Amino acid sequence: GVADKGPYRHYMLKEIFEQPTVIADTLEGRIHDGRLLESCFGVGASALLDQVRQVHIVACGTSYHAGLVARYWLEELGVPASVEVASEYRYRDPVIAPGTLFVSISQSGETADTLAALRGAKARGCLGSLAICNVPESSLVRESGLVLMTRAGREIGVASTKAFTTQLVALRLLSIALGRRHALTLEREQLLVSELTALPAQVEAALALNKDIERLAEAFADKHHALFLGRGTQYAVAMEGALKLKEISYIHAEAYAAGELKHGPLALVDPTMPVLCVLPDNALQEKVVSNLQEVRARGGELFLFADAGLDVHFEGSGVHLLRVGPVSDSIAPVVFTVPLQLLAYHVAVLKGTDVDQPRNLAKSVTVE
Ligand code: G6P
């Protein structure tokens, strides 16, 4: 039967609030004694992973954004990785070097372009294929050699939320598995695993910002355009936040790598164009802050989601500062995603759109 919404007004909100539980479920049985259990990738996974030299990640929509985060995670651990949308990958001639693992990411496992990309990579002789997927009986799972299931449970809202954050968790596990064969030390693995274990509580804390974000949404609802900024993994988080806002509130939102601001989008910044920025506590923090000074100097209204451990101050009015965490960098993309989901949700509710079934969009795109 159809799952019920419980106390929630929309499935999307219910699914946002399920994230601490489904993240814990996705970790369940996959880590032990501070280490990853490689058996979670399926029979014979370790022998195959030994041969991997690089990774091609392919996906669509929100799942593609999870892939973008994973590229930073993999390369940080010494694993060469590329990421591409499936509709492009399938129609160009990707060079599949020896030792290439093809990784697909999909909530449904039925997205036509993603399936076609998998079939193409197999035909071109990739070393192996891994599906990160939420539907066990899907085509993608059946056709992939290795499988790592996200355990988000059924997702009904067209705008993906809990599927995305559990994909990130699965990709963190994959980066640990491949990282072990490259630059990841045992000590570092134990640290990364302990940060993953802390994730459900961190996401719970981010959900506690719901009321603040509901208030913040009022300043957003009458806008026609918005700019989302981030750097590093948070660039992908900004892209996902902008996509959420577009999908359900129909506000035109565009994400930019903060360092690219001066190469164009700064020309658009004025008091009617809100700028939202995700600012975790990492090495790029000061650079992002100086990008934001540029925005302030042009009179742009700033919505800043900053790590609670950071000492940031902006003079004058027109700055909305929301504190997230403090949270360690390795899991910050998951935690910072949550307030952006909530913002999109509350803006959509204020605008009175059909939150769970946005116009023109489908939950799963099974034809080209
Ligand atoms: C559709 C959905 C998105 C989803 C995308 C990819 O566009 O509306 O929420 O991210 O398809 O779907 P998949 O099932 O492959 O993750």
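Structure values in brief
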item	result
Within the stretch 300-344, tally of residues that are among the aromatic types (Phe, Trp, Tyr), surrounded by fewer than 19 Cβ atoms within 10 Å (Cβ to Cβ) and touching a residue at least 40 places away in the same chain (Cβ under 8 Å)	0
Within the stretch 286-336, tally of residues that are in contact with a Ser or Thr (Cβ under 6 Å, 6 or more places away or on another chain) and closer than 16 Å to Ala208 by Cα	1
Residues (hydroxyl-bearing (Ser, Thr, Tyr), in a loop (DSSP other than H, G, I, E, B) and surrounded by 14 or more Cβ atoms within 10 Å (Cβ to Cβ)) located in the stretch 78-108	Ser108
Matching option when the condition is more than 15 Å from the ligand (Cβ to nearest atom) and touching a strand residue (DSSP E or B) at 6+ places or on another chain (Cβ under 8 Å), among Leu101, Leu118	Leu101
Number of the condition not met by Ile16 [criteria: (1) within 26 Å of Glu195 (Cβ to Cβ); (2) over 17 Å from the mean Cα position of the chain (by Cα); (3) within 16 Å of the ligand (Cβ to nearest atom)]	(2)
Some residue of the stretch 345-367 being within 17 Å of the chain's Cα centre (by Cα), away from the ligand (no atom under 16 Å from the Cβ) and surrounded by 14 or more Cβ atoms within 10 Å (Cβ to Cβ)	no
Val312 touching a strand residue (DSSP E or B) at 6+ places or on another chain (Cβ under 7 Å), assigned to a loop (DSSP other than H, G, I, E, B) and either farther than 16 Å from Thr165 by Cα or among the aliphatic types (A, V, I, L, M) (or both)	yes
When residues of the stretch 171-201 are limited to those that are touching a residue at least 60 places away in the same chain (Cβ under 8 Å) and polar (S, T, N, Q), the one nearest to Phe102 (Cα to Cα)	Ser175
Among the candidates Leu130, Leu140, residue that is closer than 27 Å to Glu15 by Cβ, within 11 Å of the ligand (Cβ to nearest atom) and more than 17 Å from the chain's Cα centre (by Cα)	Leu140
Some residue of the stretch 215-234 being basic (Lys, Arg), under 17 Å from the mean Cα position of the chain (by Cα), buried (at least 16 other Cβ atoms within 10 Å of the Cβ) and in a helix (DSSP H, G or I)	no
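Each value in this text was obtained by applying a stated rule to the coordinates, not by laboratory testing. Since the model is a prediction, treat every value here as computed from it, not as a measurement. Note: ideal-geometry Cβ built from the backbone for every residue, glycine included; neighbour counts use all protein chains shown.
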